[in-house]
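K.L.:
Once you've had a glance at the structure underneath, I'll fire off some questions.
None of the figures in this text is laboratory data; all of them are computed from the coordinates on show. As the structure is a prediction and not an experimental result, all values here were calculated from the model. FYI the Cβ positions are ideal-geometry reconstructions off the backbone, even for glycines, and counts take in every protein chain you see.
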Amino acid sequence: MGKELLFEIGTEEIPSGYLPPALEDLKAVASRLLQEHRLTFAGIRTLGTPRRLTLCVDGLAEKQADARREVIGPTRAVAYDAEGKPTRAAEGFARAQGVPVERLQVRALDRGEYMMAVQEERGALTPEVLLTLLPKILASLSFPKFMRWGDGTFRFVRPIRWLLCLYGGKVVRVAIEGLNLKADAKTYGHRFLSPRGVRVRSFQEYLEKLEEKFVIVDQNRRREIVRKLAVEAAATVKGQVVLDDDLVETVTHLVEFPTVVCGSFRREYLELPRDVIITPMRKHQRYFPVVDAAGNLLPHFVAISNMRARDMELIRQGNERVLRARLNDAEFFYRDDRKVPLAERVGRLQDIIFQEKLGTMHDKVQRVRELAAFIADRVDPACRSIAERAAHLCKADLVTTMVKEFPNLQGTMGREYARLSGEPPEVCQAIEEHYLPRFAGDRLAESNAGAVVGLADRLDSIVGCFGVGLMPTGSEDPYALRRAALGVVQTILHRGLRASLGELVDRARAAFGGRLDQAADKIRREVVDFFRGRTQGVLVDRGLPPDVVESVLAAGSDDVVDAARRAEALAVMRREADFGELSAAFKRVVGIIPKGFDRPVDVARLVEGAERALHAQVVALKAEVDGKVAAHDYLGALQRIAGLKPMVDMFFEEVLVIGPDEGLTQNRFALLKAVGDLFARIADLTKITG
């Protein structure tokens, strides 16, 4: 029967954004290494606060499982001489495997008799294994950044201050090489409210004793406490708290013992744009806004603190003072920025470098404006004038004081300052929307003008960076080109915009003039392939089977909307009971045709009844399939093509495709190519698995 393992790594404060992935990584690494070390267990839990990472393994076996390893060596004929004595080959093999030569065994395999060494390893007791295994777990954890401290070479996310390790209630003296630390049974409470150590004997006692010392170790429980406290605090001022999930997660990992205060600010600040008030709260102070039943902001906020004071009024006043300073600055920036109309700021973009080889932000705006007009002409000519004006103004807020202080308000302030400058509402909307989506799961542009400007902006960045050799490599993507490409694909699909990506890439490239140092065909090829990868990811994320997506993209990915429709049709068709047989038949058709083969069918050389019948059916179907493809009725086209299967089967049963007459063989290849061409514009069925 297994015992409980409790392992705690006490550290300096870990950044809140690092904790959730660290806890997932700790669980995965521990599970993998325990299995590799032949230690069975019933379950694994990971918990954490800013000052600790905790691993609890339930039902951990008391010793390793015994291991038996069989290693095949030289053949028997090579291992023994004519007199039956071991040769040097046998002696060398036995020595390498750590067994006496006389203990080598003969194993009969399909290819003959071979020598085999059997290595048996007795499982070690778990406490002994943990002494080396737990340091391996620590060394295997991944973080965005690491630190070294003291004189050692060990790296971790933050300096480690203590280790706790209990197996079955007994201390395991785990040590980390390079650190003057050994694990014991002691953990430590809240840094300020109860900093002294406390000894524990089990995981349950660990949780209870730490809570007495103002530490809620379980992040899930801490998260629920944060939500509950915030709701209750907002209710004291007859309001409702706005619980943004990301902010709740951040706050959960900022505190060990959540407490709450409900603060207020001057009602006059409510005259500022909503985002100008909320941004300092959320982004800078990690406060939750409070609204009334209609969703209107109230002059209150909820703050979760990691401190409990005798007089919580002092903490409330401190939080109010900090927010007041932020809102005072925002109010000043807002009033000062309004003195200059947004359009008059465009010229100042010449002072901002977009990229050393690609020019200034002003240069970029001119290119984006031209490209937006081009895209609008292709997808919605009615929005061209709105898109051009929005493109001209879309980056002007970068030179405002507000955006310099609060960069995440770019676009939002562009919309607001454009409105105050008297720009049409459609232009104001497009200015804000051209930044959408800002992150995964964000909302998308709801106007074609906003979508068009967003596409132009992202295409300019992607094509420009590829054109000067700044492509993403591995995990490095300093210009966020992958996110930009995802935004292009998501926007096109969301708005249903029909356009050729290749044509847009060429137009974007032309706008750079002589700035780019890569060849035009290379830029087009690499950028289009880059978009193909993002399109594949988006379609798979929508629930389409990966092989279906690969199949349709192999038939063409230039028109993203068209590719999505083809994938959806093929996914429906694939659910048909006989699709496997249909796929196999058409894979056979394509597979027999020589690569690069292209010639028309010579009707006069169709001599067998089955090939004449198949040709007649293909000719009859082609016009109908062409019509359905032109109307984007891909499911209808696939269903009509599927009707060819009996004729294809009969053709292969009755006709010898590759025969002695080269002319007939070539003509039959041509007939099969005509069959394959019916599918080719929709999907490449050779990519379908199963």
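K.L.:
Using DSSP H assignments, which helices in the chain have an axial alpha-carbon span of 15 Å or above and a mean Kyte-Doolittle hydropathy of 1.0 or higher? Can you show the working numbers first?
P.N.:
Working: long enough: 19-36 (25 Å, 0.12); 126-140 (20 Å, 1.11); 219-235 (24 Å, -0.71); 312-337 (38 Å, -0.94); 361-379 (26 Å, -0.19); 448-467 (27 Å, 0.90); 481-495 (21 Å, 0.44); 520-541 (32 Å, -0.38); 560-574 (21 Å, 0.45); 579-592 (20 Å, 0.89); 609-630 (32 Å, 0.22); 662-680 (26 Å, 0.34).
Counting only whole DSSP H runs, the qualifying helices are 126-140.
K.L.:
Relative contact order for segment 1-106: what percent, with Cα pairs under 8 Å and sequence separation of 6 or more? Don't jump to the answer; show the numbers that get you there.
P.N.:
Values: 130 pairs, mean separation 28.8, N = 106.
Averaging sequence separation for qualifying contacts and normalising by length gives 27 percent for segment 1-106.
K.L.:
Take the alpha carbon atoms of segment 119-137, find their center, do the same for segment 195-220, and report the distance between the two centers in whole angstrom.
P.N.:
Using only Cα atoms to place each centre, the spacing works out to 28 Å.
K.L.:
Treat every Asp and Glu Cβ in segment 117-163 as -1 and every Lys and Arg Cβ as +1, leave all other atoms uncharged, and give the resulting dipole magnitude about the Cα centre to the nearest 20 debye. Kindly include the intermediate steps, with their values, before the conclusion.
P.N.:
Details: 7 positive and 4 negative charges, 94 e Å.
The calculation lands at about 460 debye.
K.L.:
Okay, next question. Sum -39500 (n - 2.57) across every DSSP H segment of at least 4 residues in the chain, then divide by the residue count to get the 222 nm mean residue ellipticity, nearest 500. The partial results should precede the final answer.
P.N.:
Values: 25 runs with 331 residues, N = 690.
Calculated from helices alone, the mean residue ellipticity at 222 nm is -15500 deg cm²/dmol.
K.L.:
Each residue of segment 186-191 in order: what ³J(HN,Hα) in whole Hz does its phi give by Karplus 6.51 cos²θ - 1.76 cosθ + 1.60, θ = phi - 60°, with x for Gly and Pro?
P.N.:
10, 10, 10, x, 4, 3
K.L.:
Short version: ³J(HN,Hα) in whole Hz for each residue of segment 158-164, in order, from phi by Karplus 6.51 cos²θ - 1.76 cosθ + 1.60 (θ = phi - 60°), x for Gly and Pro, what are they?
P.N.:
Per residue, the Karplus-derived 3J(HN,Hα) values read 8, x, 8, 10, 7, 10, 10 Hz.
K.L.:
Would you please give the residues with an amide H less than 5 Å from that of Ala555, counting only those at least 5 places away or on a separate chain, with H modeled from the backbone geometry?
P.N.:
Residues meeting the criterion, in which the H sits 1.01 Å from N, are Asp684.
K.L.:
In addition: Over segment 219-337, what is the relative contact order in percent, taking alpha-carbon pairs closer than 8 angstrom and at least six residues apart?
P.N.:
Values: 168 pairs, mean separation 37.0, N = 119.
31 percent.
K.L.:
To continue, here is another question. Please compute the Cα-Cα pair-distance distribution of segment 219-337 with 10 Å bins starting at 0, giving whole percents from short to long.
P.N.:
14, 48, 31, 7, 0
K.L.:
Would you please state the base-10 log of I(q)/I(0) at q = 0.06, 0.07, 0.08 1/Å for the chain, with intensities from the Debye formula using one equal scatterer on every alpha carbon?
P.N.:
Cα-only, vacuum Debye calculation for the chain: -0.60, -0.79, -0.96.
K.L.:
Could you tell me which of the pairs Lys522/Lys687; Lys522/Lys587; Lys27/Lys687; Lys136/Lys170; Lys357/Lys522; Lys587/Lys622 are separated by over 29 angstrom between their Cα atoms in the structure shown? Could you put the intermediate results ahead of the total?
P.N.:
On the way: Lys522/Lys687 26 Å; Lys522/Lys587 32 Å; Lys27/Lys687 36 Å; Lys136/Lys170 21 Å; Lys357/Lys522 18 Å; Lys587/Lys622 19 Å.
Beyond 29 Å: Lys522/Lys587; Lys27/Lys687.
K.L.:
Then there's this: Using 29 Å as the Cα-Cα cut-off, could you pick out the over-long pairs in Lys283/Lys395; Lys595/Lys645; Lys3/Lys145; Lys213/Lys238?
P.N.:
Details: Lys283/Lys395 22 Å; Lys595/Lys645 23 Å; Lys3/Lys145 34 Å; Lys213/Lys238 33 Å.
Flagged as over cut-off: Lys3/Lys145; Lys213/Lys238.
K.L.:
Follow-up. Which whole number in µm²/s is D for segment 351-542 by Stokes-Einstein, with the Kirkwood Rh taken over Cα pairs at 10 °C and 1.306 mPa s?
P.N.:
96 µm²/s
K.L.:
Could you list which residues have their amide H under 5 Å from that of Ser264, counting only those 5 or more apart in sequence or on another chain, with H placed in the peptide plane?
P.N.:
Those lying under 5 Å, H to H, from Ser264 are Phe301.
K.L.:
Going by how many other Cβ atoms sit within 10 Å of their own, how do His190, His284 line up, fewest first? Don't skip to the answer; put the middle values down first.
P.N.:
Working: His190 20, His284 13.
Ordered by Cβ neighbours within 10 Å, fewest first: His284, His190.
K.L.:
Relative contact order for segment 105-177 using alpha-carbon pairs under 8 Å, separation at least 6, rounded to a whole percent? Show your work: numbers first, answer last.
P.N.:
On the way: 53 pairs, mean separation 17.6, N = 73.
Computed value for segment 105-177: 24 percent relative contact order.
K.L.:
Still on this structure, please answer the following. Just to confirm my numbers, what's the Cα centroid distance between segment 432-462 and segment 521-567 in Å?
P.N.:
Segment 432-462 and segment 521-567 have Cα centres separated by 19 Å.
K.L.:
Taking square-rooted eigenvalues a ≥ b ≥ c of the alpha carbon gyration tensor, is segment 625-671 rounded, prolate or oblate, where a/c under 1.5 means rounded and, failing that, a/b exceeding b/c means prolate?
P.N.:
Values: a/c = 6.37, a/b = 2.23, b/c = 2.86.
It is oblate, given that a/c is not under 1.5 and a/b is not larger than b/c.
K.L.:
So, one more: Once phi is turned into θ = phi - 60°, what whole-Hz ³J(HN,Hα) does the Karplus curve with 6.51, -1.76 and 1.60 give for every residue of segment 116-124, x standing for Gly and Pro?
P.N.:
9, 9, 9, 10, 10, 10, 6, x, 7
K.L.:
Just in segment 1-97: which GluC sites (Glu not before Pro) are loop by DSSP and have at most 11 other Cβ atoms within 10 Å?
P.N.:
Here the GluC sites (Glu not before Pro) that fit, given the DSSP loop and packing criteria, are Glu83.
K.L.:
Oh, and also: Considering only Gly643, Phe597, Ala77, whose Cα is most displaced toward the positive end of the charge dipole of the chain, charges sitting on Cβ of Lys, Arg (+1) and Asp, Glu (-1)?
P.N.:
Farthest along the dipole direction, towards plus: Ala77.
K.L.:
With unit charges on the beta carbons (Lys and Arg positive, Asp and Glu negative) and the dipole taken about the Cα centre of the chain, which residue among Tyr634, Leu672, Val255 sits farthest to the positive side?
P.N.:
Going by the Cα projections, it comes out as Val255.
K.L.:
Taking the Cα centre of the chain as origin, sum charge times position over the Cβ atoms of Lys and Arg (+1) and Asp and Glu (-1), and report the length of that vector in debye to the nearest 20. Display every interim value, and only then the final one.
P.N.:
Numbers: 102 positive and 97 negative charges, 431 e Å.
Using Cβ point charges on Lys, Arg, Asp and Glu, the chain gives about 2060 debye.
K.L.:
Please state the charge dipole magnitude for segment 17-144, taken about the Cα centre, from unit charges on C-beta atoms (+1 on K and R, -1 on D and E), reported in debye and rounded to the nearest 20. Spell out each step's value before the answer.
P.N.:
Details: 18 positive and 16 negative charges, 69 e Å.
Dipole about the Cα centre, nearest 20: 340 debye.
K.L.:
Using amide H atoms built 1.01 Å from N in the peptide plane, name the residues 5+ places from Ser305, or on other chains, whose amide H lies under 5 Å from its own.
P.N.:
For Ser305, the qualifying residues are Thr259, Val260, Val261.
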